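The values are calculated or read from the model by the stated rules, or taken from the named source; none is laboratory data. Remember, it's a predicted structure, so these values are computed and weren't measured experimentally. All Cβ positions, glycine included, derive from the backbone under ideal geometry; neighbour counts span all protein chains shown.
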Amino acid sequence: MIKLKNVHKIYPPDIVGVRGINLHVEPGEFISIVGQSGTGKSTLAKLLFAEERPSKGQIVIGGWDISNIRPREVPLLRRQIGVVFQDFKLLQKKTVFENTAFALEVAGVRPSRIREIVPQVLRIVGLDDKLHRYPLQLSGGERQRAAIARSLVHRPKILVADEPTGNLDAINAREIIDLLKKINSFGTTVVLVTHNREIVNGLRQRVVMLSNGEVASDVEHGRYKLA
Amino acid sequence: MTLIRIIKFAFQNIARNVWLSVITVSMLVMTLLTVNILLTLNVLANTAVESVEERIDVTVYFKDGTNPDLVAGAQASLIGLSQVRDAVRIAPEEALARFRARHEDDEAILSALDEVGENPFSYSLVVSARDASDFPTILSALENPSFAEFIEQKDFEDYEEVIGSISRVTQSVRWLGAVLAAVFLFISILIVINTVRVAIYIYREEISIMRLVGASSAFIRTPFWLEAVIYSLVATFITAGIAYPVLVSLERYADTFFYPANAGVLDFYLANGLLIFGLEFLILAVVNILSASLAMRRYLKV
């Protein structure tokens, strides 16, 4: 599903984002990318949804080489990869329903189809009773659920979650991770970028640890150990 | 469906920056008004020149007792010239009748005329030129030896100078108007660029999320282009709305000035209004789309 071959990302003049990354993620896998701040976790995530282009190496997503993806092809890629961030990135003036529908609207989906899909997805994330609430009327966990719902409306094969629990308390963080596991159980490949040790250790899934922009370890059913 | 959403986003852009939109449209209206003032001035200047040109004539008085056939020959010879619009022959009787009619209220003149006893008028030709610059040719044609010796007097006013003055003033005002229009257009371009820049700034969060969830570049950019077109359309309608009543009152005033001729400004706009405002809208829309593109190129990274 995801293949990275000797991927480098160097920011001018010579700041290393990631260096020599080799990674192979199977379809339906749940993988955690861990490491301390500044080790290249977020850079790696950005490379996956073409927010950044590699300076060197090859990135293949679902058989599509996106190493030199053209700008006009990026929207097509983004509709195949769901992305979730620590700061939710919800529009404050839109309701939960509208925020979720927004991803479909910009892709030109018919209103009748939107009215069909959005409630289904909001039911999956457990927000079907808060359709008309605004982000400010939601808890942190609920906001992240709304963001996850928005990332799921295109039925992506891959979900990249960059520090999704960074702004949440332990209980809400747990619930979000449970939701990601549930989404993974439907067959979606989940790439979780985090520095939260407890969460990673509780998952008992594959853990890739980055250090100084390089892969320090890659362990099936691993644990996040401090270097 | 995508088009409807793009239109919705464009109107949202305008509504969220309502004051900026008002300023932008006002500036565009100023630009269009300047262009239309220039156009009106052009029509008025043309009417003025035509009106003066129509009055250009030279009256050729023949000596007493000149053979009417010779006068007719001179008339035919002059009409044959391409520079001559018309040459009207006035018989002594007609000249006398006109003179009497013109002075019907002046007892002294009429009694003096009666005192003379006979018709003091001779044959005359009123020659009108097509253009003020044709005068030298007409005057030299009157030197024709076959009838020059029968001419007693040539009477004409130097309209060329009047036309020259009108042209000079008109030309200066046209230049000034063109410079003003260019200045307004330049300011309008800057304002449109700034308006789009502010809209991009206000929309930055929404734009980043649009990009994140897979909106195409065209989907993100088109509302800004559409916004520029809407500004142009609104500005054109407002300008037309202001221009019409102004033209009606201007026409009323100008008609008395040009009487008996018609100033022709309103007629000109009624006949060509659609074309004029249509062209103004098209040019403004193209300029604004280019300005918006410039702003997006600079400030919108998609």
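So that you can scan it fast, the table gives a plain yes or no per residue for (1) buried (at least 17 other Cβ atoms within 10 Å of the Cβ); (2) in the same structural domain as residue B:125 (by TED's automatic domain parsing); (3) at pLDDT below 85; (4) not in a helix (DSSP H, G or I):
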{"position": "B:188", "(1), (2), (3), (4)": "yes, no, yes, no"}
{"position": "B:219", "(1), (2), (3), (4)": "yes, no, no, no"}
{"position": "B:232", "(1), (2), (3), (4)": "yes, no, no, no"}
{"position": "B:237", "(1), (2), (3), (4)": "no, no, no, no"}
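Residues in the range B:3-33 that are surrounded by fewer than 16 Cβ atoms within 10 Å (Cβ to Cβ) and within 14 Å of chain A (Cβ to nearest Cβ): 6 in all.
Annotation: residue A:167 fulfils all but one of (1) surrounded by fewer than 18 Cβ atoms within 10 Å (Cβ to Cβ); (2) in contact with a strand residue (DSSP E or B) (Cβ under 7 Å, 6 or more places away or on another chain); the unmet one is (2). In the range B:34-84, the residue that is farthest from residue B:246 (Cα to Cα) out of those that are hydroxyl-bearing (Ser, Thr, Tyr) and surrounded by 14 or more Cβ atoms within 10 Å (Cβ to Cβ) is B:66.
Restricting A:152, A:90 to those that are within 23 Å of residue A:74 (Cβ to Cβ), at the interface with chain B (Cβ under 10 Å from one of its Cβ atoms) and not aromatic (Phe, Trp, Tyr) reduces the list to A:90.
For residue A:174, the conditions (1) surrounded by 15 or more Cβ atoms within 10 Å (Cβ to Cβ); (2) of a type in the set (D, E, K, R); (3) under 30 Å from residue B:215 (Cα atoms) are fulfilled apart from (3). When the residues of the range A:129-165 are filtered to those that are closer than 18 Å to residue B:210 by Cα and β-branched (Val, Ile, Thr), the one that is farthest from the chain's Cα centre (by Cα) is A:153.
When A:44, A:77, A:23 are checked against the criterion of being part of a helix (DSSP H, G or I) and under 26 Å from residue A:200 (Cβ atoms), A:44 stands alone in meeting it. Is there a residue in the range B:150-166 that is in contact with a helix residue (DSSP H, G or I) (Cβ under 9 Å, 6 or more places away or on another chain), at pLDDT 80 or above and more than 14 Å from chain A (Cβ to nearest Cβ)? Yes, that holds for at least one residue. Quick check: is even one residue across the range A:65-72 away from chain B (no Cβ under 14 Å), touching a Phe, Trp or Tyr at 6+ places or on another chain (Cβ under 9 Å), among the small types (Gly, Ala, Ser) and more than 17 Å from residue A:157 (Cα to Cα)? No. Do the conditions hold for residue A:109, that is, is it within 15 Å of residue A:89 (Cβ to Cβ) and outside any helix (DSSP H, G or I)? So residue A:109 does not fit the description; no. When each of A:123, A:115, A:133 is tested for being more than 19 Å from residue B:204 (Cβ to Cβ), of a type in the set (D, E, K, R), within 14 Å of chain B (Cβ to nearest Cβ) and surrounded by fewer than 19 Cβ atoms within 10 Å (Cβ to Cβ), the lone residue that passes is A:115.
Restricting the search to the range B:211-240, which residues are within 14 Å of chain A (Cβ to nearest Cβ), in contact (Cβ under 8 Å) with a residue 24 or more places away in the chain and hydrophobic (A, V, I, L, M, F, W, C)? Don't jump to the end; show me each part of the working.
Looking only at the range B:211-240, we keep the residues that are within 14 Å of chain A (Cβ to nearest Cβ), and these are B:211-223.
Applying the additional criterion that residues be in contact (Cβ under 8 Å) with a residue 24 or more places away in the chain yields B:211, B:217, B:219-223.
B:219, B:220, listed by residue number.
Residues that are farther than 21 Å from residue A:176 by Cα and in contact with a Gly (Cβ under 8 Å, 6 or more places away or on another chain) within the range A:81-111 comprise A:106, A:107, listed in sequence order. In this entry, residue A:108 passes the filter for residues that are at the interface with chain B (Cβ under 8 Å from one of its Cβ atoms), surrounded by fewer than 22 Cβ atoms within 10 Å (Cβ to Cβ) and farther than 23 Å from residue A:126 by Cα. Annotation: residue B:87 fulfils all but one of (1) modelled with pLDDT under 85; (2) in contact with a strand residue (DSSP E or B) (Cβ under 6 Å, 6 or more places away or on another chain); the unmet one is (1). Criterion first (in contact (Cβ under 8 Å) with a residue 40 or more places away in the chain, within 14 Å of chain A (Cβ to nearest Cβ) and of a type in the set (Lys, Arg)) does residue B:297 satisfy it? When the stated conditions are applied, residue B:297 does not pass them.
Tell me, yes or no, whether the range B:122-141 has at least one residue that is modelled with pLDDT under 80, closer than 30 Å to residue B:30 by Cα and either surrounded by 14 or more Cβ atoms within 10 Å (Cβ to Cβ) or within 14 Å of chain A (Cβ to nearest Cβ) (or both). For the range B:122-141, residues modelled with pLDDT under 80, closer than 30 Å to residue B:30 by Cα and either surrounded by 14 or more Cβ atoms within 10 Å (Cβ to Cβ) or within 14 Å of chain A (Cβ to nearest Cβ) (or both): absent.
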